[in-house]
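Enquirer: Pasting a structure here, questions to come.
The values are calculated or read from the model by the stated rules, or taken from the named source; none is laboratory data. Computed from a predicted model, the values in this text were never measured in an experiment. Neighbour counts are summed over all protein chains in view; Cβ atoms, including those assigned to glycine, are modelled from backbone coordinates with ideal geometry.
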Amino acid sequence: MKIVIGCDPNAQKEKEELIKFIESKGYGEVTDYGSEDPIYANVAFKVAEAVAAEKFDRGILICGTGIGMSIAANKVKGAYAALVTDYYSAQRARLSNDANIICMGAFTTGVKEREFMTTEFLTNEFVPGCGSQPKVDAFVHYDEER
């Protein structure tokens with residue numbers, strides 16, 4: 001799996017920890033899109049554009065709360081970013097919503113929470129034809145029409 005990750009300057013340490021975790025678990029190849037830009041939206045756009053263009057399978061974004069990253073990433077057509085706050089929301093982001101990006105907070109979650117959320121996001125797959133398919137189809141169709 002090809003994974004792209006980015007953050008704002010406040011989450012540099014958390015991003016580096018997460019990269020080490022992903023690599024240690026063998027979840028995939030990680031590309032770091034940086035953290036130097038104080039305008040987190042710029043990093044979110046770059047990550048979201050790369051995922052939407054299918055250069056990467058999944059994306060991870062981290063800022064203070066994850067809220068701003070999720071808002072910015074979701075402006076990109078084809079990017080489906082979910083703000084996750086616990087392992088269950090990360091799991092459902094994939095299983096029920098086919099999210100291709102997760103956003104999380106460096107200030108609102110701990111190291112182990114971020115690891116659990118990342119594991120759920122990277123190890124679960126959306127099942128085409130499942131009960132959530134019509135819901136996912138609705139937002140994908142809307143996205144394609146704009």
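Enquirer: Out of the residues in the stretch 51-75 meeting the condition of being within 16 Å of Ile19 (Cβ to Cβ) and touching a residue at least 60 places away in the same chain (Cβ under 8 Å), tell me which one is surrounded by the most Cβ atoms within 10 Å (Cβ to Cβ).
Expert: Ile60
Enquirer: Looking at the stretch 136-144, can you tell me whether even one residue there is modelled with pLDDT of 95 or more and either of a type in the set (Asp, Glu) or surrounded by fewer than 13 Cβ atoms within 10 Å (Cβ to Cβ) (or both)?
Expert: no
Enquirer: Given the options Val76, Val51, Val30, name the one that is farther than 24 Å from Glu145 by Cα and not small (Gly, Ala, Ser).
Expert: Val30
Enquirer: Does the stretch 92-121 hold any residues that are under 23 Å from Tyr40 (Cβ atoms), of a type in the set (Ser, Thr, Tyr) and either in contact with a Pro (Cβ under 9 Å, 6 or more places away or on another chain) or crowded, with 17+ Cβ neighbours inside 10 Å (or both), and which are they?
Expert: Answer for the stretch 92-121, where residues must be under 23 Å from Tyr40 (Cβ atoms), of a type in the set (Ser, Thr, Tyr) and either in contact with a Pro (Cβ under 9 Å, 6 or more places away or on another chain) or crowded, with 17+ Cβ neighbours inside 10 Å (or both): Thr109, Thr118.
Enquirer: Starting from residues that are hydrophobic (A, V, I, L, M, F, W, C) and in contact (Cβ under 8 Å) with a residue 60 or more places away in the chain, keep the ones in the stretch 13-28 and report whichever is surrounded by the fewest Cβ atoms within 10 Å (Cβ to Cβ).
Expert: Checking each candidate, the answer is Phe21.
Enquirer: What do you reckon, is Ile102 β-branched (Val, Ile, Thr), in contact with a helix residue (DSSP H, G or I) (Cβ under 8 Å, 6 or more places away or on another chain) and closer than 30 Å to Pro134 by Cα?
Expert: yes
Enquirer: Would you check which residues across the stretch 29-41 are surrounded by 15 or more Cβ atoms within 10 Å (Cβ to Cβ) and at pLDDT 95 or above and list them?
Expert: Val30, Thr31, Tyr33, Ala41
Enquirer: Considering only residues that are under 9 Å from the mean Cα position of the chain (by Cα) and either farther than 15 Å from Thr119 by Cβ or not in a strand (DSSP E or B) (or both), which ones fall in the stretch 91-102?
Expert: The answer is Ala99, Asn100, Ile101.
Enquirer: I've got another one for you. Looking only at the stretch 103-146, which residues are charged (D, E, K, R), assigned to a loop (DSSP other than H, G, I, E, B) and within 15 Å of Ile3 (Cα to Cα)?
Expert: Glu125
Enquirer: Sticking with this one: If you scan the stretch 73-91, which residues turn out to be modelled with pLDDT of 95 or more, farther than 19 Å from Phe45 by Cβ and not acidic (Asp, Glu)?
Expert: Of everything in the stretch 73-91, those that are modelled with pLDDT of 95 or more, farther than 19 Å from Phe45 by Cβ and not acidic (Asp, Glu) turn out to be Val84, Thr85, Tyr88, Ser89, Ala90, Gln91.
Enquirer: Now a separate question. Can you find a residue that is in contact with a Leu (Cβ under 9 Å, 6 or more places away or on another chain), in contact (Cβ under 8 Å) with a residue 24 or more places away in the chain and under 23 Å from Lys135 (Cα atoms) anywhere in the stretch 76-89?
Expert: yes
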